[in-house]
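S.K.: A single structure is presented below for examination.
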Amino acid sequence: MIIDFHTHIFPKTIRENKEKYFKNEPAFKLLYESPNAKMAGADDIITDMNKAKVNISVVFGFPWKDMELAKMHNDYIIESVRKYKNRLYGFACFDMYNANGCKEAQRCVEAGLIGVGELACYESELDDNIIDKLKPTAEFCKDKDIVIMLHTNEPIGHKYPGKIDITLKQIYNLTKSFSENKIVLAHWGGGILFYNLCKKETKNIFKNLYFDTAASPFLYDNRIYKSAADIIGSEKILFGTDYPLLKADRYFKEMKNAGLSEPAIKNILGKNAAELIKLNRN
């Protein structure tokens, strides 16, 4: 079983008219203004999943500031998972600053989505204000025992579209505030996973944290797979491609050459995700 836990799909109206949304959605412009920026729909991801022999993908949209736009995109995710039942599972996505975020999460979960994410704040830091705004959604997700996925990135190194100015302390404070929630930190959590080696506090704070591999070939040497597995355990790592940014085969090659055990690879490629989304109980 191979499960891609981090993929983005967009409805046709956005894919074919993306410039229409740049003016009022600066974060969207930042990530998708380039002519090389890739966008895909539900049919596209299924085609590529079949080629790569990926069984299931977790799909989500974009954290639009305009809630009506977020709802439209979430509706597309709902339609897509219904169309491709047992192949696509969806998360609800919206701007974390929106006061109606929790209400939208509830609406989407009632319609069949199984988590919330990838939430991101491309124009601000992960400060205390974000924590306050996220509390109602986090409480809802904890009560429903569903996952929240958060966009994180390494605080040093080269710049690229979508990289935000955040610190490891900010990531830590957020996860500490919601330590009872099941949280997936995208993009290896910006490297914070290495602090699981601390003797005090962090292991308890990180008890419900998972880390995905999204964009890893662009960001890290492939030794990160073995290092991360040694530090946090392979059962806390989720295979995610950030599709359509990268195809699955590139990750498969990296994992194969990273010195991971076969059980660890099995955990990362699907076993962990299946347990996290309660696949065997659906």
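S.K.: Would you mind classifying the stretch 1-147 by shape? Square roots of the alpha carbon gyration tensor eigenvalues, ordered a ≥ b ≥ c; an a/c under 1.5 is rounded, otherwise it is prolate if a/b is larger than b/c and oblate if not.
M.R.: Working: a/c = 1.80, a/b = 1.14, b/c = 1.58.
Because a/c hits 1.5 or more and a/b fails to exceed b/c, the stretch 1-147 counts as oblate.
S.K.: Assuming 0.36 nm per residue, please report the length gained on full extension of the stretch K278 to N50 beyond their Cα-Cα distance. Walk me through the intermediate numbers first.
M.R.: Working: separation 228, 0.36 × 228 = 82.08 nm, distance 2.27 nm.
This chain segment gains 79.8 nm when fully extended.
S.K.: Sticking with this structure for a sec: Just how many pairs of Lys in the stretch 11-104 have C-alpha atoms closer than 12 Å, counting pairs that are eight or more places apart or on different chains? Don't skip to the end; give the middle numbers.
M.R.: Working: K18/K29; K18/K38; K20/K29; K23/K65; K71/K103.
Close lysine pairs under the 12 Å cut-off: 5.
S.K.: Which length gain, in nm to one decimal place, applies between F218 and N17 when the Cα-Cα distance is subtracted from 0.36 nm times their residue separation? Please report the intermediate quantities before stating the final value.
M.R.: Working: separation 201, 0.36 × 201 = 72.36 nm, distance 2.76 nm.
Additional length available on full extension: 69.6 nm.
S.K.: While we're on this one: In deg cm²/dmol, rounded to 500, what helix-only [θ] at 222 nm does the chain give when every DSSP H run of at least 4 residues adds -39500 (n - 2.57) and the total is split over its residues? The partial results should precede the final answer.
M.R.: Numbers: 13 runs with 113 residues, N = 282.
Estimated from H runs of four or more residues: -11000 deg cm²/dmol.
S.K.: Next question. What number comes out for the charge environment of A92, summing +1 per Lys or Arg and -1 per Asp or Glu over other residues with Cβ under 13 Å away?
M.R.: Details: positive: K71, K103, R107, K144; negative: D75, D95, E104, E110, E118.
Residues close to A92 contribute a combined charge of -1.
S.K.: Need the full-extension length gain, A37 to K103, defined as separation in residues times 0.36 nm minus the C-alpha distance. One decimal, nm. The partial results should precede the final answer.
M.R.: Working: separation 66, 0.36 × 66 = 23.76 nm, distance 3.10 nm.
Using 0.36 nm per residue and subtracting the Cα-Cα distance, I get 20.7 nm.
S.K.: Measuring from centroid to centroid over Cα atoms, what is the spacing of the stretch 83-151 and the stretch 199-256 in Å?
M.R.: So the two Cα centres are separated by 21 Å.
S.K.: Two-decimal Rg/Rh of the chain from alpha-carbon positions, Kirkwood Rh? Provide the component values of the computation, followed by the final result.
M.R.: Values: Rg = 17.3 Å, Rh = 18.7 Å.
A ratio of 0.93.
No value in this document is a laboratory result; all are computed from the given coordinates. Quantities reported herein were computed from a predicted structural model and do not represent experimental measurements. Heads up, the Cβs are rebuilt from the backbone with ideal geometry, glycines too, and the neighbour counts pull from every protein chain shown.
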